[in-house]
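Down below is the structure, laid out as structure tokens.
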Amino acid sequence: MKRALSPELSALSSRVSVLGSRSSVSSFRFSFLSKRLASRFCLAALTSLFLVASCSADVLKIIVDDAIQPVTTEYIQRALETAHREKDQAVLIEMNTPGGLVESTREIIDKIVASPVSVIVYVTPAGSRAGSAGIFILEAADVAAMAPGTNAGAAHPVTLYGKPDDTMIKKIENDAAALMRSVATRRGRNVELAESAVRESKSFTDQEALDKKLIDYVAPTEQDLFRQMSGKSFKRFDGTAVTLDLAGQPIRDYEMTLKERILSYIMDPNITLIILMIGALCLYVEFNHPGAVVPGTIGVIFIVLAAFAMHLLPIRYAALAMIFVAFLLFAAEAKFASHGVLTAGGIVLLTLGGLLLVDGPIPEMRVRFLTAVAVAVPLGIITAFLMGIAVRARRNKIVTGEEGLIGEIGTAETLLAPAGKVFVHGELWDAISTAPIPAGEQVVVSQVDGLTLRVEPVTSAKPVMA
């Protein structure tokens, strides 16, 4: 019976072993599949994290708190290029400006409308304004916003270089109004009201601008502005609809470069005038003291800086001519005894030249009267005084070297018949006289031949011209 069961047991055992081997293969396959799924899951998770990180780009913020000028244009252009390169979601321009140059304003508008990154212009903080050129930039933005207590408008163009005729004024006004209509129309804002800011110099508070659809939002803070924008779409200049979710996103400040800060500082017309006058005074000192080097070096540096600033500013060259004539009057005061009349005339011309030097479209881009007077009066007095000293020094008799000995009175130490010794100017000299002179008599030097003096008796000496 045991023999009969053994084949059956063998078959059963072989079946069990086959089943076991199949089970082990299945478990291996399950383990392999599990590892593949886990790796794919990790890869998907990393990809998702990368996409989320790339979607949560920063908001690039710049601050424009000055007149609109070429340096402002460069600053905004550089910020827009950086935001595009780093794939930021938006550029936030916080603005407070009284206005500025028309050409710089047009260039900024061109950069904003062509930017692949959305641009938000926000007039802030309270008390700020987007005056004149500022409202053009505000209307050109993808999103226009103002803080409570701000205003915008008064954009009528101001002409440079005197008052043109009525036809030219109309042309300039129509050109500015057309620019305003073009940007306001594409942004879907109130075109008629925006144009009135140009033609009628109207200005609007934050609430008026919001109610009349000149701007999109009024917000006290950046985060409140972003919260109001969340989920709301807007049209870009090319007509595409964009929705930004910026609430809670990091804001990255973008600063001016050192070059831009220096240029922005020296392009203040008051600083430009001061730099120009310092440079002129230093060059004058160098011309009157050749070889001093330091005043000349400083003068050249300051003149170059002033010339660079004047190249970017609207300069009246007639005013430069007035400043030059003022220095000529200071020089004439030193040569002719006018009892201060020429100096006074020079100070008046220097003051007028300083006032009229920069013909900016807004008061902030012109030289202040106080600055012109504070520069002209001290500079005029100092320059006239220094020139007077220089002229008098040239007229004075030379008291050193051979020329300084001619005409000096001395004493004959020995008999001069005709040669002998004389004591002149604290020194003992060999001397030759035209006539015998006894010791102890006074003599006058008429000529210097090397180390020998030619002298004459004082009683017979003729006046010697130095």
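For Asn174 and Arg261, compute 0.36 nm times the residue count separating them, minus their Cα-Cα distance, and round to one decimal in nm.
Full extension from Asn174 to Arg261 adds 27.9 nm.
So which trypsin sites (Lys or Arg not before Pro) in segment 181-252 pass both tests, a DSSP loop state and at most 13 other Cβ atoms within 10 Å of the Cβ?
Qualifying residues, ordered by number: Lys232.
What order, most packed first, do the peptides 410-416, 286-292 have when packing is the mean number of other Cβ atoms within 10 Å of each residue?
Ranking the peptides 410-416, 286-292 by packing returns 410-416, 286-292.
Remind me, relative contact order of segment 154-309 in percent, using alpha carbon pairs under 8 angstrom and six or more residues apart?
The normalised contact order for segment 154-309 reaches 14 percent.
Set the bar at 26 Å for Cα to Cα. Now go through Lys61/Lys171; Lys202/Lys259; Lys111/Lys232; Lys202/Lys232; Lys235/Lys259 and name every pair that lies beyond it.
Lys61/Lys171; Lys202/Lys259; Lys202/Lys232; Lys235/Lys259
Using θ = phi - 60° and the Karplus curve 6.51 cos²θ - 1.76 cosθ + 1.60, what whole-Hz ³J(HN,Hα) does each residue of segment 139-144 get, with Gly and Pro shown as x?
6, 7, 6, 5, 10, 10
Tell me, what HN-Hα J-couplings in whole Hz come from the Karplus equation 6.51 cos²θ - 1.76 cosθ + 1.60 at θ = phi - 60° for each residue of segment 349-363, using x for Gly and Pro?
Per residue, the Karplus-derived 3J(HN,Hα) values read 5, 5, 5, 5, x, x, 5, 8, 4, 10, 9, x, x, 10, x Hz.
Might you report the magnitude of the Cβ-based charge dipole of segment 97-172 about its Cα centre, with Lys and Arg at +1 and Asp and Glu at -1, to the nearest 20 debye?
140
Compute the length gained on full extension between Leu415 and Asp110: take 0.36 nm times their separation in residues and subtract their Cα-Cα distance, giving the result in nm to one decimal.
Computed gain between Leu415 and Asp110 is 100.0 nm.
Report the calculated FRET efficiency for Lys212 and Glu408 (r = Cβ-Cβ distance, R0 = 60 Å), to the nearest 0.05.
It comes out at approximately 0.05.
Would you please state which residues of segment 362-381 a label at Val158 would reach in this model, taking the label point 7 Å out along Cα→Cβ and a backbone N cut-off of under 14 Å?
Zone members listed by number: 362-369.
I want to check the label-to-label distance for Lys235 and Phe308. Put each point 7 Å from Cα in the C-beta direction and report it in nm to one decimal.
Here the answer is 4.5 nm between the modelled labels.
Return the sequence-ordered ³J(HN,Hα) values of segment 270-279 in whole Hz as given by the Karplus equation 6.51 cos²θ - 1.76 cosθ + 1.60 applied to θ = phi - 60°, using x for Gly and Pro.
Karplus values, whole Hz, x for Gly and Pro: 5, 5, 4, 5, 4, 4, 4, 5, 4, x.
Evaluate the relative contact order of segment 55-255 (contact order divided by residue number), counting alpha-carbon pairs under 8 angstrom at least 6 apart; express in whole percent.
Relative contact order, segment 55-255: 21 percent.
May I ask you to derive the FRET efficiency for Ile389 and Ile301 from their Cβ-Cβ distance with R0 = 25 Å, giving the value to the nearest 0.05?
Approximately 0.45, to the nearest 0.05.
Just so you know, all these numbers are worked out from the coordinates, no wet-lab data involved. All values reported here derive from a predicted model rather than from experimental measurement. Cβ atoms come from the backbone with ideal geometry, glycine included; neighbour counts cover every protein chain shown.
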